[in-house]
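Colleague: Have a look at this one.
FYI, it's all coordinate maths here, none of it is from the lab. Given the structure is predicted, the values throughout are model-derived calculations rather than measurements. Note that each Cβ is placed from the backbone with ideal geometry, even for glycine, and that neighbours are counted across all protein chains shown.
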Amino acid sequence: MSKRKISTGRLVYSTEAGRLCPQCQRPVADCVCGKDRPAYSGDGIVRLHRESKGRGGKTVTLVRGVPLAGQELKALAKALKQKCGVGGALKDDVIEIQGDQRDLIKIELEKRGYTVKLAGG
């Protein structure tokens, strides 16, 4: 007996409207379900990681779990970069700050009312 996946019957593409949202089944351009969902639904703890893999030996500090989205997260990233006096980036809701800046970032985030933990490395 062969094992076959059972189809859920969800429509993925329509020739009339193009790609469809997997949750609301509306065309992606008309999707509203992504706007209603919270940006982050974690445990409320901001975690600071130090990482150097895949970066040519250069160390970066990663800030994960910040319960902000969009422009607020971008503004926080900018403020942290200015506080540390270094560059950085915002990629996939993770703030990357150049160098090992965990202690300085931890103090700054705690001033802003976040619960912060040092994690990894």
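Colleague: Once R0 is set to 22 Å, what does the formula 1/(1 + (r/R0)^6) return for the Cβ-Cβ distance between ASP43 and CYS21, expressed as a FRET efficiency to the nearest 0.05?
Modeller: Using R0 = 22 Å, I get an efficiency of 0.20.
Colleague: Applying the Karplus parametrisation 6.51 cos²θ - 1.76 cosθ + 1.60 with θ = phi - 60° to the phi angles of the stretch 57-67, what ³J(HN,Hα) value in whole Hz is obtained for each residue in order, glycine and proline being reported as x?
Modeller: With coefficients 6.51, -1.76 and 1.60, one gets x, 7, 8, 10, 9, 9, 10, 10, x, 6, x Hz.
Colleague: Collect residues whose amide H, placed 1.01 Å from N in the peptide plane, falls under 5 Å from the amide H of ILE95; neighbours closer than 5 in sequence don't count.
Modeller: Amide H neighbours of ILE95, under 5 Å, 5+ apart: VAL63.
Colleague: Here is a further query. Provide the gained length on full extension for the span ARG55 to VAL86, in nm with one decimal, where the gain is 0.36 nm per separating residue minus the Cα-Cα distance.
Modeller: Roughly 9.5 nm would be gained on extension.
Colleague: Can you list the trypsin sites (Lys or Arg not before Pro) in the stretch 46-85 that are in a DSSP coil and have 13 or fewer other beta carbons within 10 angstrom?
Modeller: Those that pass, being in a loop and sparsely packed, are LYS53, ARG55, LYS58.
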